[in-house]
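Here is the structure we will look at, set down as structure tokens.
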Amino acid sequence: MTRNLFVMGVAAAMVMLSGLSAQAAEPKRMLSEKDWEAFRVDGGKGRTCFISSLPTKSKGKYDPKNRGEVRVFVSHGPGKAERNVVQFTAGYKHKKHSDVTVNIDGKKFTLFTIEGRAYAESEEDDIAMIRAMKRGTKMTVVGTSSRGTKTTDTYSLSGFTKSKNLIDKTCS
């Protein structure tokens, strides 16, 4: 349960990137590397760093005007115990009790969902996904909306390693 509470806290920090929180500290872009960007947020409880990317392709039988922002994040902080958290935002609410499947160059991961976000079950799964992202070239994410619509989002992993290395140093 502690991991789920932390993950929800990280989700709140990620909302800052999408501009939904007017009172939150503004993320500072540190790097744009190919298809990834690295950010940091300096706040009262310490520094949070994260990298993020948008999908290069999205498929599904949905109206794009009805879908919100779709992104992947990997974050650190603000505490040292809060490192390497992988999060996906779907741009919709997931079907209740559904999973999201992530495929990184043939290596598959199953994530749990909370509203419109998806997370790994454990820190070990986060680390395994990050390791695969560093070695991989393409990542696909398959989820199901609360309306039963299946979506497939494809991400490039070009620039992932350099961006991840920067937040590892900046939020150590």
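Bear in mind these aren't lab numbers, they're just calculated from the coordinates by the rules spelled out. Keep in mind that what you see is a predicted model, and the values were worked out from it rather than measured. We place every Cβ from the backbone using ideal geometry, glycine too, and count neighbours over all the protein chains shown.
When the chain is fully extended, how far beyond the present Cα-Cα distance does SER98 get from LYS134, taking 0.36 nm per residue of separation?
Values: separation 36, 0.36 × 36 = 12.96 nm, distance 2.69 nm.
Gain in length upon complete extension: 10.3 nm.
Once both axes come from the Cα atoms, what is the angle between helix 160-170 and the longest principal axis of the chain, in degrees from 0 to 90, rounded to 10?
The angle comes out near 30 degrees.
Show the residues, 5+ positions off or on another chain, whose built amide H is closer than 5 Å to the amide H of THR56.
THR154, TYR155, SER156
Can you compute the charge dipole magnitude of the chain about its Cα centre, using +1 on each Lys and Arg Cβ and -1 on each Asp and Glu Cβ, nothing else charged? Give it in debye, rounded to the nearest 20.
Around 360 debye, computed over the chain.
Given the chain, what whole percent of its Cα pairs are spread farther than 26 Å?
Tail of P(r) above 26 Å: 23 percent of Cα pairs.
Restricting attention to segment 81-153, which trypsin sites (Lys or Arg not before Pro) occupy a DSSP loop and are surrounded by at most 16 other Cβ atoms within 10 Å?
Counting only loop positions with at most 16 other Cβ atoms within 10 Å, the trypsin sites (Lys or Arg not before Pro) in segment 81-153 are LYS93, LYS95, LYS96, ARG147.
Residues of segment 74-113 with the amide nitrogen closer than 14 Å to a label point 7 Å from the Cα of ASP35, along Cα-to-Cβ, please.
Residues passing the 14 Å test: 103-106.
How high is the FRET efficiency from LYS45 to THR170, r the C-beta distance, R0 25 Å, rounded to 0.05?
Taking R0 as 25 Å, the efficiency between LYS45 and THR170 is 0.95.
Grab the DSSP H runs of the chain that are 4 residues or longer, score each as -39,500 (n - 2.57), total them, divide by all residues and round the 222 nm result to the nearest 500 deg cm²/dmol.
On the way: 3 runs with 38 residues, N = 172.
For the chain, the value works out to -7000 deg cm²/dmol.
Among the listed pairs LYS61/LYS108; LYS59/LYS138; LYS59/LYS95; LYS61/LYS138; LYS34/LYS93; LYS108/LYS134, which have their C-alpha atoms separated by more than 19 angstrom in this model?
Going by Cα-Cα distance, LYS61/LYS108; LYS61/LYS138; LYS34/LYS93 fall outside the 19 Å limit.
Amide H neighbours of ARG83 under 5 Å, at least 5 residues apart or on other chains, H built in the peptide plane: list them.
GLY77
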